[in-house]
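Undergrad: Before I ask anything, let me first share the structure, which is written out below as structure tokens.
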Amino acid sequence: MNNGILFQGFEWYLPSEGNYYKDMLLKLEELSKMGITAIWLPPVCKATGSSDTGYGVYDLYDLGEFDQKGEVRTKYGTKEELKELIEAIHGRGMQVYADVVLNHKAGADGVEKFMAVEVDTNDRTKDIGESHEIEAWTNFQFPGRQGKYSDFKWNFHHFTGVDFDNRTGDKGIFRILGENKGWNWNVSNENGNFDYLMFADIDHAHPEVREELKTWADWFIGELQLDGFRLDAVKHIDGAFMHEFTSHLKQKHGDRFYILGEYWDNSVKANKKFLEETQYGIDLFDVGLHFNFFEASNRGGDYDLRKIFDNSVVTGNPPMSVTFVDNHDSQPGQSLNSFIAPWFKEIAYGLILLRKDGYPCIFYGDYYGIGGEHQIPGMKDKLDVLSLVRKSHAYGNQDDYFNEPDLIGWVRHGDEEHFGKCAVVISIREKKTIRMFLGDEEKGKVYTDLTGNCQDKVTIDEENYGNFAAEPGSISVWMEEGLPLE
């Protein structure tokens, strides 16, 4: 079996002209050649406007088909263009994962009046003042769609909270009151209860909501022929519903339907609790590993590389870890900004692409660059090399040499289908060398660094060992000279 690589196919500051699907069509050939096996698309449902990235979701059934919110298209294009892109991705043997936003809805068509109470922003379990009537944007009629695909209409009964009283202009967090109303409790306990995140917060305990979201998911998967979901903001969504929802998807669409959740918390305990609540039905982005990278990149040579995988999903539960370096939320200008320093970025990608555990994800912004006011160039050439090594040679048993705080390495020994050896060395202070065992029958072979970071050549000695180096603050990937990447 070949190594998989997930490609996050977008960054936050993509242009809003509606040409994204067309542009991605032109990138598919090179992505396939470099070893990408699945592409994670941005939210494709109609949001608050054509410049909305899709996380301010308005109508789940409008994929760029109806004249709503000022345009037929979404930020990324039309439904026809989306389907053409997905067909082309499948045609190159890659899978498609859709970004699914089920935590909230935005851009309601009208206001409603209902009873609510304001809660403490820092502790949502504490009420502020008395319950009172507010007016909020919770009425969703979808007039542009006129009932096509679904006649379900959303009202305040289907939500747990809002952040704005339209009558008074007051901003805050207002918990909606009524029979069987309240925050969902199988959520993160940050801020007392982190059910509420933004906009009109969906009540996943409401029976009508639960059935509607499952019905929509079945339609969505069938309409686009999707291979998996990336679920947004799952630490804010009721864990019991998440289990019910994902169990339904597996039963309806098969165990091969892939489900990945964004639980943005670097606590091993919190991640473990979520995995248990959802009965290990959802893989998780390895946020703990991301923050290890972030810390290492900021501390420079003072970081202990031997601890780089501590408190991570990939260490505690390797099969359920999606390892990543950065994404659209961690990039500069975003609320979760924790962007990895440039000097460490190639190292970090080596740590996720060339090891045996984890399902690595490459970020569009790291590959093609980030736009907007930040204008950060991509590192396509470097990531091409690392990805091709993963595709061709990073297989088989792994021997680790994590012996010094500033110097680590490992060897991948290949397997029956991928015979090439691969030796990786990372140094964060000065040029250093690790003596590593390559295995029988390697004696006399010459190894070179495919990254080009180190110009040395290594000849494997009589005992089948090599002295492999890395330059200061860099990674070297050593393979037998002349061995092709393909």
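The values are calculated or read from the model by the stated rules, or taken from the named source; none is laboratory data. None of these values were measured; they are calculated from a predicted model. We place every Cβ from the backbone using ideal geometry, glycine too, and count neighbours over all the protein chains shown. Surface accessibility is based on the protein's heavy atoms, side chains included, excluding ligands, DNA and RNA. Shrake-Rupley method; radii C 1.70, N 1.55, O 1.52, S 1.80 Å.
Undergrad: When the Karplus curve 6.51 cos²θ - 1.76 cosθ + 1.60 is applied with θ = phi - 60°, which whole-Hz ³J(HN,Hα) does each residue of segment 459-469 get, with x for Gly and Pro?
TA: Couplings: 9, 5, 7, 4, 9, 6, 10, x, 9, 9, 10 Hz.
Undergrad: If the only charges are +1 at each Lys and Arg Cβ and -1 at each Asp and Glu Cβ, what is the size of the charge dipole of segment 181-271 around the Cα centre, to the nearest 20 debye?
TA: Dipole magnitude for segment 181-271 comes out near 280 debye.
Undergrad: Let me ask something else about it. Fully extended, how many nm does the chain gain between Arg92 and Glu135 (0.36 nm per residue separation, minus their Cα-Cα distance)?
TA: Working it through step by step, the gained length comes to 10.4 nm.
Undergrad: Related question: Whole angstrom only: what separates the Cα centroid of segment 120-163 from the Cα centroid of segment 279-313?
TA: A separation of 37 Å, based on Cα centres.
Undergrad: Continuing with the same structure: Can you give me the % of accessible surface on segment 13-146 that is carbon or sulfur? Probe 1.4 Å, all protein chains present, nothing else counted.
TA: 45
Undergrad: Which entries of Lys126/Lys269; Lys391/Lys431; Lys252/Lys273; Lys83/Lys380 show an alpha-carbon separation above 31 angstrom in the structure shown?
TA: Distance filter (> 31 Å) returns an empty set.
Undergrad: Apply 1/(1 + (r/R0)^6) to the Cβ-Cβ distance of Tyr280 and Glu244, taking R0 = 22 Å, and write down the FRET efficiency to the nearest 0.05.
TA: About 0.90, to the nearest 0.05.
Undergrad: Toward the positive end of the charge dipole of the chain, about the Cα centre and with charges on Cβ (Lys, Arg +1; Asp, Glu -1), which of Ile36, Leu249, Tyr263 goes farthest?
TA: Among Ile36, Leu249, Tyr263, the one farthest towards the positive end of the dipole of the chain is Ile36.
Undergrad: In addition: Using R₀ = 25 Å, calculate the FRET efficiency as 1/(1 + (r/R₀)^6) where r is the Cβ-Cβ separation of Trp185 and Lys252; round to 0.05.
TA: 0.40
Undergrad: Ok, one more. Ordering Thr138, Thr315 by how much accessible area each has at a 1.4 Å probe, largest first, what is the list?
TA: Ranking Thr138, Thr315 by accessible area, largest first, yields Thr315, Thr138.
Undergrad: Hey, what angle do you get for helix 207-224 against the long axis of the chain, alpha-carbon based, 0 to 90 degrees rounded to 10?
TA: 50
Undergrad: What aspartates and glutamates sit close enough to Lys75 to cross-link, taking a C-alpha to C-alpha distance under 15 Å and skipping anything fewer than 8 places away on the same chain?
TA: Glu11, Glu17, Asp23, Asp52, Asp59, Asp62, Glu65, Asp67, Asp99
Undergrad: May I ask you to compute the full-extension gain from Lys380 to Thr215, defined as 0.36 nm times their residue separation minus their alpha-carbon distance, rounded to one decimal in nm?
TA: Separation in residues times 0.36 nm, less the Cα-Cα distance, equals 55.4 nm.
Undergrad: Over segment 89-160, what relative contact order in percent results from Cα pairs under 8 Å that are six or more residues apart?
TA: Across segment 89-160, relative contact order equals 27 percent.
Undergrad: Step through the residues of segment 320-335 one at a time and calculate ³J(HN,Hα) from phi using the Karplus curve (6.51 cos²θ - 1.76 cosθ + 1.60, θ = phi - 60°), rounding each to whole Hz and writing x for Gly and Pro.
TA: Working through the residues one at a time gives 9, 9, 9, 7, 8, 9, 9, 8, 5, 7, 8, 6, x, x, 9, 5 Hz.
Undergrad: May I pose another question? Take the Cα of Met198, step 7 Å along the line toward its Cβ, and report every residue of segment 311-334 whose backbone nitrogen sits under 14 Å from that point.
TA: Label zone hits: 328-331, 333-334.
Undergrad: Per DSSP H run of n ≥ 4, the term is -39500 (n - 2.57); total these for the chain, divide by its residue number, and report the mean residue ellipticity at 222 nm rounded to 500 deg cm²/dmol.
TA: The helix-only estimate for the chain comes to -7500 deg cm²/dmol at 222 nm.
Undergrad: How would Glu84, Glu112 rank on accessible area, largest to smallest, probe 1.4 Å?
TA: Order by accessible area, largest first: Glu84, Glu112.
Undergrad: Assuming 0.36 nm per residue, please report the length gained on full extension of the stretch Lys22 to Val111 beyond their Cα-Cα distance.
TA: So the extension gain works out to 28.3 nm.
Undergrad: For Asp302 and Glu80, FRET efficiency with R0 = 41 Å and r from the beta-carbon atoms, rounded to 0.05?
TA: Step by step, r from the Cβ atoms, then E = 0.15.
Undergrad: Also: Please report the relative contact order for segment 420-486, taking Cα pairs under 8 Å with a sequence separation of at least 6, and give it as a percent rounded to a whole number.
TA: Reported as a whole number, the value is 45 percent.
Undergrad: Kindly report the accessible area of the chain per residue (heavy atoms of protein chains, probe 1.4 Å, no ligands, DNA or RNA), in Å².
TA: 40
Undergrad: For Cα pairs less than 8 Å apart in space and 6+ apart in sequence, what is the mean separation divided by the residue count of the chain, i.e. the relative contact order in percent?
TA: This gives 11 percent for the chain.
Undergrad: Answer with one residue from Asn397, Val385, Gly420: the one whose Cα lies farthest towards the positive end of the charge dipole of segment 380-444, charges on Cβ with Lys, Arg +1 and Asp, Glu -1.
TA: Of Asn397, Val385, Gly420, it is Val385.
Undergrad: Moving on. For Glu480, what charge total do you get from the other residues with a beta carbon under 15 Å from its beta carbon, if Lys and Arg give +1 and Asp and Glu give -1?
TA: So the surrounding residues net to -3.
Undergrad: Provide Rg over Rh for segment 131-290; use the alpha carbon set for both Rg and the Kirkwood Rh (inverse mean inverse pair distance).
TA: 0.98
Undergrad: Could you give me the ³J(HN,Hα) list for segment 164-170, computed from phi with Karplus coefficients 6.51, -1.76, 1.60 and θ = phi - 60°, whole Hz, x at Gly and Pro?
TA: Result, ordered by residue: 8, 9, 5, 6, 9, x, 6 Hz.
Undergrad: Sorting His253, His290 by accessible area (1.4 Å probe), largest first, what list results?
TA: His253, His290
Undergrad: Students often get this wrong, so try it: which of (1) 36, 31, 24; (2) 45, 24, 19; (3) 37, 26, 22 is semi-axes √(5λ) of the Cα gyration tensor in Å as calculated from the structure shown?
TA: (2)
Undergrad: Can you tell me the orientation of helix 342-353 relative to the chain, as the angle in degrees between its alpha-carbon axis and the longest Cα principal axis, to the nearest 10?
TA: 90
Undergrad: Follow-up. Under 5 Å between amide hydrogens, which residues at least 5 positions from His104 or on another chain qualify, with H placed 1.01 Å from N in the peptide plane?
TA: Distant-sequence amide H within range of His104: Ile202.
Undergrad: Rounded to the nearest 20 debye, what is the charge dipole size of the chain about its Cα centre when +1 sits on each Lys and Arg Cβ and -1 on each Asp and Glu Cβ?
TA: Roughly 300 debye for the chain.
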